[in-house]
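Visitor: My questions all concern the structure below.
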Amino acid sequence: MILALDQGTTSSRALLFEHGGVLRRVAQREFSQHFPRPGWVEHDAIEILETQLAVAREAMGEDVPEAIGITNQRETTILWERKTGKPVAPAIVWQDRRTAEACERLKAAGHADAIVGKTGLVVDAYFSATKLEWLLDHTPGARAAAERGELAFGTVDSWLVWNLTRGERHVTDVTNASRTMLFNIDTLEWDDALLAMFRIPRALLPEVLPSSGEYGNAAALGGVPIRGVAGDQHAALFGHGCVRSGMAKNTYGTGCFMLLQTGGQRVVSRHRLLSTVAWQLPERPACFALEGSVFVAGAAIQWLRDGLGIIRDASEAEALALSVEDHGGVHFVPAFAGLGAPYWDADARGILTGLTRGSTKAHIARAALEGIAFQTADVLRAMEKDAPQPVRELRVDGGATRNDFLMQFQADLLRVPVIRPVATEITAFGAARLAGLDAPDFAVDRCFTPVMSEDAAFARLASWHEALERAVSR
């Protein structure tokens, strides 16, 4: 058996897999989201740890797994004391936009090309470097303590491994390192010039390891060895079995994340996509991927529930959307945290357009679901312009894939089959595979093929782009 720890943006989960891929047990707990100022998003790193340990023990029960695989929300930045293990400040979440102005200054100073060239990432507050710089500058005594080697930085994977091994291992894997904007994805090492640019002491940084290997023993969970670590989207790509160049997946979670495997060759994007490390197996070269990130997807449905109160549960969105014949001219651009790929507009904000006295909550729900698909279609079109070959199919996972309306509309816009597996736990499955799970690919539940005419799909995309133009900041 392999225990997969899936630490996400809104909940901590643990899944126990048997060899062959059979899922024996699942446990999940949500944790608090903190929004202290507009554009700021924070987590309590201690609460993340406590919920993750609780669900791990619940999923294990009386069973003793052979190994642990970890997958995690990426870019979220944690700074803690080496001596006490206590965070010195709240974790800054990947969605947080407080360093957007710092990123604009970097671009104005002419650093963007050098950063993209080394990291494969556009200069954006999404990534860890400016978050860590902000913590060092705004947490009393932090920069001096960091210079003395008293503090440790990590993304969520590093934080979990540190605590699971009770401070024995300060490590990360190549996928999480590649999301910091401090890691050179050509040399697969921390980059001294980038560290100097962001004023980051090297002593803060974890050791970088392959995505599959020896990460230490989880003393906090009975000494089970940790043998796999990958950021959530990379784990999902691996879990989908996208092991050949040209295979693509999209995960529909809080955001949407599309990755196209490009093999051992890094592809430089000309259309504002990210080049990232897909994974690295022991004693093998790294595999690379192109990625397009949509910041708000499932979070838009949560807003319908928590912000507007027009649904009681996310599962109600589909039935509400289908209660009207069409979108009624309503478009929803859910730019709550700016816009990600391929727009990269930190100052964009969410808007509803096309409202009339005849618009209802059903039209808004439908527009929210369609907005997820529209953003994904824009990412795929940009990806196809960079990729050496067209995308032939899209493999999907995440909670929103259970929504048949969304998946069908997605296939209609993309003009390629959208393939949903029987099991939706692909991210955790990928982490378990990296940790040594011997299992075949998941079986297909349903293949959604385009039914809308190409002209109709083109017209819908055109009307979406009109709405999008009203949301962007320039």
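Visitor: Defining a contact as two alpha carbons under 8 Å apart and six or more residues distant in sequence, what relative contact order in percent does the chain show? List each step's numbers first, then the result.
Guide: Details: 1114 pairs, mean separation 72.5, N = 474.
With pairs under 8 Å counted, the relative contact order is 15 percent.
Visitor: Amide H of Ala335: which non-local residues (sequence gap of 5 or more, or other chain) have their own amide H closer than 5 Å, using H built in the peptide plane?
Guide: Distant-sequence amide H within range of Ala335: Gly350, Ile351.
Visitor: Now for a different question. Tell me, Thr51, Thr449 in order of fewest to most beta-carbon neighbours within 10 Å?
Guide: Working: Thr51 22, Thr449 13.
Lowest count first: Thr449, Thr51.
Visitor: Just tell me which lysines come within less than 17 Å, Cα to Cα, of Lys385; anything on the same chain fewer than 8 places away is out.
Guide: Partners within reach: Lys249.
Visitor: Hey, another quick one. Averaging sequence separations of C-alpha pairs under 8 Å and six or more residues apart, then dividing by the length of segment 2-234, give the relative contact order as a whole percent. Intermediate results must be reported in sequence, preceding the final value.
Guide: Working: 486 pairs, mean separation 47.7, N = 233.
Once normalised by length, the contact order is 20 percent.
Visitor: Skipping prolines and chain starts, which residues have an amide H placed within reach, meaning under 5 Å, of the one on Arg82, given they are 5 or more residues away or on another chain?
Guide: Answer set, sorted by chain and number: Leu151, Ala152.
Visitor: What's the exposure ranking of Ser453, Ser245, going from fewest to most Cβ atoms within 10 Å?
Guide: Lowest count first: Ser453, Ser245.
Visitor: Rounded to the nearest 10 degrees, what's the angle between the helix 454-471 long axis and the longest principal axis of the chain, both from Cα atoms, 0 to 90?
Guide: With rounding to tens, the tilt is 60 degrees.
Visitor: Give me the Kirkwood hydrodynamic radius of segment 2-234, using the inverse of the mean 1/r over all pairs of distinct Cα atoms, in Å to one decimal. Mind dumping the intermediate values first?
Guide: Working: mean 1/r = 0.0558 Å⁻¹.
For segment 2-234, the Kirkwood estimate is 17.9 Å.
Visitor: Among the aspartates and glutamates, select those whose C-alpha is under 14 Å from the C-alpha of Lys107, and discard any that sit fewer than 8 residues away in the same chain.
Guide: Asp124, Asp345
Visitor: Assuming 0.36 nm per residue, please report the length gained on full extension of the stretch Ala109 to Lys361 beyond their Cα-Cα distance.
Guide: Numbers: separation 252, 0.36 × 252 = 90.72 nm, distance 4.58 nm.
Length gained, Ala109 through Lys361: 86.1 nm.
Visitor: Would you list, by chain and number, the aspartates and glutamates whose Cα falls below 13 Å from the Cα of Lys131, excluding same-chain residues fewer than 8 positions away?
Guide: Cα-Cα hits under 13 Å: Glu42, Glu75, Asp96, Glu101.
Visitor: Give me Leu237, Leu259 sorted ascending by neighbouring Cβ count inside 10 Å, so fewest comes first.
Guide: On the way: Leu237 33, Leu259 28.
Neighbour counts put them in this order, fewest first: Leu259, Leu237.
Visitor: Here are some values of percent of Cα pairs over 45 Å apart: (1) 11; (2) 7; (3) 14. Which one was computed from this structure?
Guide: (2)
Visitor: Relative contact order (percent) for segment 250-372, with alpha-carbon contacts under 8 angstrom and 6 or more residues of separation? Each step should come with its number before you reach the end.
Guide: Details: 235 pairs, mean separation 29.9, N = 123.
Relative contact order for segment 250-372 comes out at 24 percent.
Visitor: Among the DSSP beta bridges whose two residues both lie in the chain, what percent are antiparallel, rounded to the nearest 5?
Guide: On the way: 52 of 72 bridges.
Antiparallel bridges make up about 70 percent of those DSSP assigns within the chain.
Visitor: Moving on. Per residue of segment 280-296, what does 6.51 cos²θ - 1.76 cosθ + 1.60 with θ = phi - 60° give for ³J(HN,Hα)? Whole Hz please, x for Gly and Pro, Karplus curve as stated.
Guide: 9, 9, x, 6, 10, x, 6, 9, 10, 8, 8, 9, x, 10, 9, 5, 10
Visitor: Quick one: the Cα spread of segment 298-471 along its three principal axes, in angstroms, biggest first?
Guide: Principal axes ranked by extent give 56, 39, 34 Å for the Cα atoms.
Visitor: Determine the calculated [θ] at 222 nm for the chain from helices alone, applying -39500 (n - 2.57) to every DSSP H run no shorter than 4 residues and normalising by the residue count; nearest 500 deg cm²/dmol.
Guide: Working: 15 runs with 155 residues, N = 474.
Result for the chain: -9500 deg cm²/dmol, rounded to the nearest 500.
Visitor: Right, another one. Have a look at the DSSP beta bridges in segment 298-471 and tell me what percent are antiparallel, nearest 5. Before the final figure, lay out the partial values.
Guide: On the way: 8 of 11 bridges.
Antiparallel bridges make up about 75 percent of those DSSP assigns within segment 298-471.
Visitor: Let me ask something else about it. Using the Karplus equation 6.51 cos²θ - 1.76 cosθ + 1.60 (θ = phi - 60°), what ³J(HN,Hα) coupling, rounded to whole Hz, does each residue of segment 67-82 give in order, writing x for Gly and Pro?
Guide: Once θ is set to phi - 60°, the couplings for segment 67-82 become 7, 10, x, 10, 10, 8, 4, 9, 6, 4, 10, 10, 10, 9, 7, 5 Hz.
Visitor: Please give the charge dipole size of segment 298-390, origin at the Cα centre, charges +1 on K and R Cβ atoms and -1 on D and E Cβ atoms. Round to the nearest 20 debye. Mind showing how you got there, number by number?
Guide: Details: 8 positive and 12 negative charges, 51 e Å.
Computed about the Cα centre, the dipole is about 240 debye.
Visitor: To continue, here is another question. Can you work out ³J(HN,Hα) from phi for every residue in segment 255-262, in order, using Karplus 6.51 cos²θ - 1.76 cosθ + 1.60 and θ = phi - 60°, giving whole Hz and x for Gly and Pro?
Guide: Here the 3J(HN,Hα) series is x, 10, 9, 9, 10, 10, 5, 10 Hz.
Visitor: Now, a different point. Kindly provide the trypsin sites (Lys or Arg not before Pro) of segment 241-331 that DSSP labels as loop, not H, G, I, E or B, and whose Cβ sees at most 14 other Cβ atoms within 10 Å. Intermediate values should be presented prior to the final figure.
Guide: Details: sites: Arg244, Lys249, Arg266, Arg270, Arg272, Arg305, Arg312; in loops: Arg244, Arg266, Arg270, Arg272, Arg312.
The qualifying sites are Arg244, Arg270, Arg312.
Visitor: Quote to one decimal, in nm, the extra length available between Ala459 and Arg148 on full extension: 0.36 nm per residue of separation minus the C-alpha distance between them. Numbers along the way, then the final one.
Guide: Working: separation 311, 0.36 × 311 = 111.96 nm, distance 5.94 nm.
Net length gain for the segment: 106.0 nm.
Visitor: Over segment 1-130, one equal point on each Cα, no solvent: what is log10 I(q)/I(0) by the Debye formula at q = 0.09, 0.10, 0.11, 0.22 Å⁻¹?
Guide: Normalising to I(0) and taking log10 leaves -0.37, -0.44, -0.52, -1.18.
Visitor: Rule-of-thumb check for segment 235-349: C-alpha Rg over 2.2 N^0.38 Å?
Guide: 1.31
None of the figures in this text is laboratory data; all of them are computed from the coordinates on show. Because the structure is predicted, anything quoted here is derived from the model rather than measured. Every residue, glycine as well, gets a Cβ built from its backbone with ideal geometry; the counts of neighbours run over all protein chains shown.
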